[in-house]
Structures are given as structure tokens and as C-alpha cells.
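The values are calculated or read from the model by the stated rules, or taken from the named source; none is laboratory data. The model shown is predicted, which means the values in this text are computed figures rather than measured ones. As a convention, Cβ positions derive from the backbone with ideal geometry for all residues, glycine included, and neighbour counts pool all protein chains shown.
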Amino acid sequence: MTKVMKQFLRWIILGGTLFFVAKALKDNWVGVTTLEIDAAGWAILAIATGVTLLAHTWAGWIWTWVLQDLNQPVPVVKFIQVYLKTNLAKYLPGNVWHYYGRIVAAKNANVSTGAATLSVLLEPLLMAAAAFIIFILFSGQFTAYQSNGLITIFQIAILLLVLCAVHPNFLNPVIRFLYKLKNRKSPDKNQQKVNLRLERYPLRPLLGELGFLTLRSCGFILTILAISPLSLNQIPLLLGAFSFAWLLGLVVPGAPGGLGVFEATAIALLQSRFPAAIVISAIALYRLISILAETSGAALAWLDERRVKTSS
């Protein structure tokens with residue numbers, strides 16, 4: 001019964017977010033269809049795709065940092081290729097297949113089961129922490145009380161709380177819980193219990209994930225710039241909005257790849273600050289850019305592997 005309720009809840013969330021996005025598109029369809037992208041705009045969209053691909057490549061490199069911190073040195077290029085090839089699997093139902101593929105690839109490279117599992121559990125937790133940090137830094141853009149000193153104190157307190165939350169003393173119980181949760185969904189029902197424990201503060205991977213979210217945000221900002229002029233004082237707003245929308249897309253169940261949740265959140269946050277037609281068009285374009293970047297990354301990784309095998 002519990003499993004049925006969870007599946008029902010996931011479909012409700014996915015259906016509700018997609019309905020919100022579809023309604024917003026319907027209400028602003030005329031404005032969306034009148035937007036035109038000139039040659040400079042298409043060039044900016046191409047750059048946005050390249051920046052997004054760079055972000056995913058960077059995320060694969062961070063994964064190798066996590067494994068190194070777990071005393072599992074791995075070949076960097078090979079594991080970035082694995083990361084890029086498995087990235088598209090996050091859009092499959094269950095939203096765990098990309099993690100499963102990375103665990104299998106790591107174990108085949110003689111990485112211990114515990115370290116392989118811990119690395120793929122730690123990565124989304126650090127991504128979520130990085131997204132929340134960026135959102136808190138720019139949360140003043142979403143309130144009328146930006147000049148109030150109490151807001152700054154509150155932001156600092158939240159930042160300290162997030163930084164403490166990724167300390168091993170707090171993170172290890174969360175990792176054990178997530179392992180049990182994901183192990184129930186894993187295709188490999190014969191997995192043995194493993195000891196999952198983080199020994200030191202993951203400072204370098206956390207800083208790396210901040211870079212990943214910044215690159216993803218830049219891709220989104222460039223997408224908006226391709227269809228509408230932007231001013232510098234709008235950049236912090238877009239950074240905060242993207243980070244929060246991306247965070248909800250990561251943590252809300254029932255949304256493979258954040259599909260629907262990211263779009264609905266971004267529309268809700270930005271439609272009062274920008275023309276609705278521009279927001280909806282940019283968000284739709286960015287989803288296409290993200291999928292194109294992920295597909296290109298997987299294809300390039302596969303081609304590079306074939307090239308190496310052919311030449312050896």
C-alpha cells in the first residue's frame with residue numbers, strides 16, 4: 001500500500017507541475033510565438049550549449065575528486081566518460097539508473113563497493129548544498145526587505161547551517177538512510193551491505209559543485225540573453241532563481257531529471273520580474289539545450305572511448 005501511495009504521489013507531482021507549465025504556455029502562447037531569435041541569438045544559444053556541456057564534464061571531474069577523497073584513485077578521463085555516458089539515464093523512471101551505472105562502472109574499475117556507493121550518494125547531496133548556498137546568497141533578490149540587516153544575519157545563519165550539514169557527523173546518517181532507500185530501488189537485488197562513512201569534510205568537492213551550479217546558471221542566463229537584453233543587476237536574481245528551481249528539480253520525487261518541477265519553479269519565480277513569454281521561451285529552450293548538451297556529452301565520450309580502443 002505504501003509503495004502504491006508513493007507512486008501515486010509521484011504521478012500527482014509530475015502531473016501537477018506539467019499542468020502548471022502547460023497552462024502558463026497556453027496563456028502566453030501568442031507572446032511566445034512572436035519572439036524571434038536573430039543570428040547573434042543563435043550564436044549565444046550555441047555558447048550556452050557549450051557551457052552546459054562543460055558543466056557536466058566538470059561534474060564528472062568532481063566525481064573523481066570524491067573518489068580520491070575516499071582513497072580510491074581512479075583514471076580521471078575514463079571516469080568522466082562514464083559520468084557523461086550515464087547522465088541521460090536520469091530521465092528514466094525511478095531516477096536511479098545513472099547512479100547504478102556509475103556504481104557498476106566503478107566496481108569494474110576495482111573501486112570498493114562502499115566507496116562506489118558513497119560517491120554517488122555524496123554527489124547529489126553536495127550539489128543540493130551548493131544550490132542552496134547560491135540561493136541563500138542571492139535570496140535578497142526575492143524579498144522587499146533587501147536593505148534590512150536582519151535578512152543578512154538570517155542568510156549567514158542559514159549558510160552556516162548548510163555548511164555544518166555536510167560535516168561527516170551530520171552527513172553520515174543521511175548517507176546511510178539514502179543508501180537504504182536507493183538499495184530498495186536498485187536493479188541489483190543481491191547487493192551486500194557495505195560500510196558507508198565519510199571520514200573528512202568534503203570541502204574540495206563542495207567548492208567544485210558550486211562551480212558546477214555557476215556554470216549551469218551561466219548556461220541559463222545566456223539562454224535568456226539570446227532572446228532578450230539583460231542588465232547586470234538582473235544577474236543575481238537569475239542566479240538565485242535558477243539555483244532554487246534546479247534544487248527543487250533535484251530533490252522533488254516523481255520528476256526524472258527535474259522535468260516539470262524545474263520549469264514550474266522557474267516560471268513562478270521569474271514571471272513577475274520578466275515578461276512571461278520571455279521566461280517560458282527561455283525555460284523551454286534551456287531544457288532542449290540541457291538535453292542536447294547531455295546527449296552530446298554521452299556521444300563524445302563514447303566516440304573517444306572507441307578512438308582509444310581502435311588506436312591501442
Among residues of the range 197-221, those that are basic (K, R) and in a loop (DSSP other than H, G, I, E, B), counted: 2
Residue hits (the range 39-60; under 17 Å from S296 (Cα atoms) and hydrophobic (A, V, I, L, M, F, W, C)) are L45, A46, I47, A48, V51, L53, L54, A55, W58, A59
In the set R273, R287, the lone residue that is at pLDDT 85 or above, of a type in the set (K, R), under 24 Å from I44 (Cβ atoms) and under 14 Å from the mean Cα position of the chain (by Cα) is R287
Can you tell me which residues in the range 134-166 are at pLDDT 85 or above, crowded, with 19+ Cβ neighbours inside 10 Å and not aromatic (F, W, Y)? I134, I136
Six or more apart or on different chains, Cβ under 7 Å: which pairs go from a residue in the range 165-176 that's of a type in the set (A, V, I, L, M, F, W, C) to one that's modelled with pLDDT under 85 and outside any helix (DSSP H, G or I)? Could you list them? L171/L198; I175/L196; I175/L198
When the range 296-312 is examined, which residues are found to be surrounded by fewer than 14 Cβ atoms within 10 Å (Cβ to Cβ) and either touching a Ser or Thr at 6+ places or on another chain (Cβ under 8 Å) or within 18 Å of T52 (Cβ to Cβ) (or both)? A299
